[in-house]
1. Taking only Cα atoms, what is the 0 to 90° angle, nearest 10, from helix 64-77's long axis to the longest principal axis of the chain?
2. Per DSSP helix of 4 or more residues, -39500 (n - 2.57); summed, then divided by the residues of the chain. What does that give at 222 nm, rounded to the nearest 500?
3. Kindly put Met352, Met182 in sequence by how many other C-beta atoms sit within 10 Å of each C-beta, fewest to most.
4. Taking other Cβ within 10 Å of each residue's Cβ, how do His206, His22 sort, fewest first?
5. Among Lys45, Lys210, Lys325, rank each residue by its count of other Cβ atoms within 10 Å, from fewest to most, as a rough exposure measure.
6. Give me the dipole magnitude in Debye, nearest 20, for the chain about the Cα centre, with unit charges on the beta carbon: positive for Lys and Arg, negative for Asp and Glu.
7. Cα atoms only, the range 4-257: Rg and Dmax in Å?
8. Averaging the inverse of every distinct alpha carbon separation and then flipping it gives the Kirkwood radius. What is it for the range 207-252, in angstrom units?
Amino acid sequence: MGNSMNDSSALGRLGFNSRAIHAGQEPDPLTGAVAVPIYQTSTYKQDGVGGLRNGYEYSRSGNPTRTALEECLAALEGGARGLAFASGLAAEDTLLRALCSPGDHMLLPDDAYGGTYRLVARVLSRWGVEFTAVHMHDTAAVAAAIQPNTRVIWVETPTNPLLNIVDIAALAEVSRQHQTMMVVDNTFASPYLQQPLALGADVVVHSTTKYLGGHSDVVGGAVVTRDAEVGEQVAFYQNSMGAICGPFDAWLVMRGIKTLGVRMDRHCSNAAQIVRFLGQHPAVSSVLYPGLPNHPNHEVAARQMSGFGGMVSFRMRGGEEAALKVCELTQMFTLGESLGGIESLIEHPARMTHASVAGSPLEVPGDLIRLSVGIEDIEDLLADLTAALA
Ligand code: PLP
């Protein structure tokens with residue numbers, strides 16, 4: 001193959017980090033540039049009417065920088081087709097319109113990311129999609145909630161912000177029996193720690209804004225399908241609805257992905273030390289982290305994840321007031337929404353990321369704090385939390 005990594009059988013044999021660095025990212029055929037160029041163009045010269053070069057005609061339909069990212073995403077999740085979008089919610093919206101028609105029903109986790117819940121409950125419901133919110137970690141409850149018109153089972157694991165764990169393989173079996181499509185939002189784990197398609201899911205979605213991008217400098221989303229035909233259907237909706245990832249954003253996400261493995265290792269080890277610290281702190285009433293042996297689904301997490309991730313939630317004995325105070329006192333943990341970047345963030349879900357689900361079954365407790373543990377030096381992170389909790 002002479003210095004070429006990108007025929008699919010060669011790629012399939014590569015390890016995760018090698019795929020992250022090479023999949024879809026052959027040196028540029030024109031110049032040999034090792035980094036994929038940012039093809040900042042809206043259109044392409046045709047060699048005679050309809051004479052497209054490599055299939056590119058207009059950048060909503062296709063752009064070589066986005067193609068490189070899409071091939072890389074598919075290779076990382078082990079899917080047939082990857083598609084990159086303007087945001088995680090754009091990916092979700094496009095996917096759900098491709099999979100569902102008005103009158104179809106979907107199951108949604110009762111602790112789904114608030115934006116996903118809002119999309120389904122307040123936007124797609126107006127288009128005629130029905131939904132039921134269920135405890136996804138209760139496989140029997142999921143099976144019981146399936147209706148004749150159920151088309152999609154939407155899974156998030158670990159969940160945001162309560163870090164519940166759902167047994168992907170068990171639910172995939174339920175989904176297969178009822179001929180529904182199972183979608184897993186893999187944002188919190190990233191493909192480095194969890195491979196939902198290998199566990200039987202049909203589709204993976206991501207907010208690439210988070211661990212894949214990894215540097216808090218880009219908003220993006222992704223869909224990866226196990227099946228090429230489903231991928232083609234979503235690609236049709238991607239082009240028809242137009243919520244594509246632009247070339248510079250695609251480049252930023254791809255640049256982030258190259259270091260995903262080393263970043264995740266560090267996120268996991270920093271998080272584990274913070275969990276230990278919080279677990280012994282008198283001001284903390286409980287710590288929510290799938291790596292803890294007393295987590296209700298620790299065993300499932302240990303089976304389906306190769307590490308427990310960088311997200312940690314905890315509850316304060318002093319209630320909402322105490323939680324708000326901690327969020328305002330940390331210095332290195334920046335008070336802000338989002339997650340998955342190299343810098344540590346702290347937030348109060350009830351008043352920030354999950355404010356939109358107040359009063360719904362997805363409402364989160366006021367004494368809850370969520371940390372996105374970054375890759376700074378652990379001593380500095382612990383000193384910051386020690387001071388804020390004092
Ligand atoms: N899924 C999860 C688990 C998220 O945390 C988020 C955003 O926080 C999204 C989806 C939506 O992604 P985006 O903000 O890129 O639209």
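Since every read-out is calculated from the coordinates, none of them should be taken as a lab result. Predicted, not measured: the structure shown is a model, and the values here were computed from it. Reconstructed Cβ throughout: ideal geometry from the backbone, glycine too, with neighbour counts over all protein chains shown.
1. 50
2. -10500 deg cm²/dmol
3. Met352, Met182
4. Ascending number of Cβ neighbours within 10 Å: His22, His206.
5. By the 10 Å Cβ count, ascending, the order reads Lys45, Lys325, Lys210.
6. 300
7. 18.2, 59
8. 11.6
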